[in-house]
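Working notes, beginning with the structure itself.
The values are calculated or read from the model by the stated rules, or taken from the named source; none is laboratory data. Here the structure is a predicted model, which is why all the values come from computation and not from measurement. Here the Cβ positions follow ideal geometry from the backbone for every residue, glycine too, while neighbour counts run over all protein chains shown.
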Amino acid sequence: MKSTVLITGANRGVGLALAEHYAEAGYRVIGVCRSSSEALAQVADQVIEGIDVTQPSDVERLADTLKGQTLDLLINNAGLLRDESLGDIDFDSIRQQMEINAYAPLRVAESLLPLLKQGSKIANITSRMGSIADNNSGGRYGYRASKAALNAFGKSLAVDVKPRGIAVAQIHPGYVQTRMVNFGGVISPTEAAQGIAARIDALTLDTSGGFWHSNGESLPW
């Protein structure tokens, strides 16, 4: 029987590359997004669109749609990057990034927890910009804070679901050539997906709660 992976933000970028990777690996792929894409439709076994992960009613609808299914892997990938600098801080922008990057993954994980089983895994796609120890350049207030919050949520989640036999990882994909960074990254979405998948494969209950670069490097909090 096929293992099942659910990926949020699966219509493009790293999310789409992950969908392609897991489809090729023989997984049953469920792609979740606000608006689907032709590329996602070609690789996903099930596409659930019209889902804004910041909206409780949409996440509730997602859970209802999936009732009776079992998830072997949940990848919280949907995210938002904005730029703020001191003297020109947009607090609405910070709030939006917190909603999408931090609150939404926790909301999705909690709502879909009944579908996970012993041996299932949760991967939160975070960023090394959420590392406080690694911050030597400042700025990006909303993105840094939201990813730091996601890391904290993920660590607590790992502790709380460990007795259920579920492992959790926070994974930085690398500097990826996606629209989020105007395609200025240094690795392709495919390369990022391969690295993320390798970290997920290596994840165990003993290593649950960690924060890794997709290249295998353990990142500082």
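List of remarks:
- Restricting region 8-29 to residues that are in a loop (DSSP other than H, G, I, E, B) and under 15 Å from residue 74 (Cα atoms), the residue that is nearest to the chain's Cα centre (by Cα): 9
- Residue check for residue 42: over 24 Å from residue 150 (Cα atoms) and polar (S, T, N, Q): yes
- Residues located in region 61-82, provided they are free of Cβ contacts under 8 Å to residues at least 60 places away in the same chain, surrounded by 12 or more Cβ atoms within 10 Å (Cβ to Cβ) and not hydrophobic (A, V, I, L, M, F, W, C): 61, 65
- Condition check for residue 174 on (1) on the phi < 0 side of the Ramachandran plot; (2) in contact with a Ser or Thr (Cβ under 6 Å, 6 or more places away or on another chain): one failure, at (1).
- Hey, residue 5 β-branched (Val, Ile, Thr), within 26 Å of residue 160 (Cα to Cα) and either free of Cβ contacts under 8 Å to residues at least 24 places away in the same chain or in contact with a Leu (Cβ under 6 Å, 6 or more places away or on another chain) (or both) or not: yes
- Cβ-Cβ distances below 7 Å connect the following pairs, each with a first residue in region 159-179 that is outside any strand (DSSP E or B), a second residue that is crowded, with 24+ Cβ neighbours inside 10 Å, and a separation of six or more residues or different chains: 161/168; 166/122; 173/14; 173/125; 173/192; 173/196; 174/192; 178/14.
- Matching residues in region 66-119 - criterion: being in a helix (DSSP H, G or I) and more than 18 Å from the chain's Cα centre (by Cα): 91, 92, 93, 94, 95, 114
- Pair list, Cβ under 6 Å, 6 or more apart: region 114-134 residue touching a residue at least 60 places away in the same chain (Cβ under 8 Å), other residue in a strand (DSSP E or B) and among the basic types (Lys, Arg): none
- The residues listed here are 160, 206, 201; of these, the one that is charged (D, E, K, R) and closer than 24 Å to residue 23 by Cβ is 201.
- Residues of region 120-142 that are assigned to a helix (DSSP H, G or I) and in contact with a strand residue (DSSP E or B) (Cβ under 9 Å, 6 or more places away or on another chain): 128, 129, 130, 141.
- Residue identified as in contact with a Pro (Cβ under 6 Å, 6 or more places away or on another chain) and either of a type outside the set (A, V, I, L, M, F, W, C) or closer than 18 Å to residue 79 by Cβ (or both) among 148, 152, 192: 192
- Filter result for residue 133 (at pLDDT 95 or above, surrounded by fewer than 13 Cβ atoms within 10 Å (Cβ to Cβ) and of a type in the set (A, V, I, L, M, F, W, C)): yes
- Across region 180-221, the qualifying residues are those that are assigned to a loop (DSSP other than H, G, I, E, B) and modelled with pLDDT under 95, and the one among them that is surrounded by the fewest Cβ atoms within 10 Å (Cβ to Cβ) is 182.
- Test: residue 5 is assigned to a strand (DSSP E or B) and under 15 Å from the mean Cα position of the chain (by Cα): yes
- Residues of region 30-42 that are more than 15 Å from the chain's Cα centre (by Cα) and buried (at least 20 other Cβ atoms within 10 Å of the Cβ): 40 alone.
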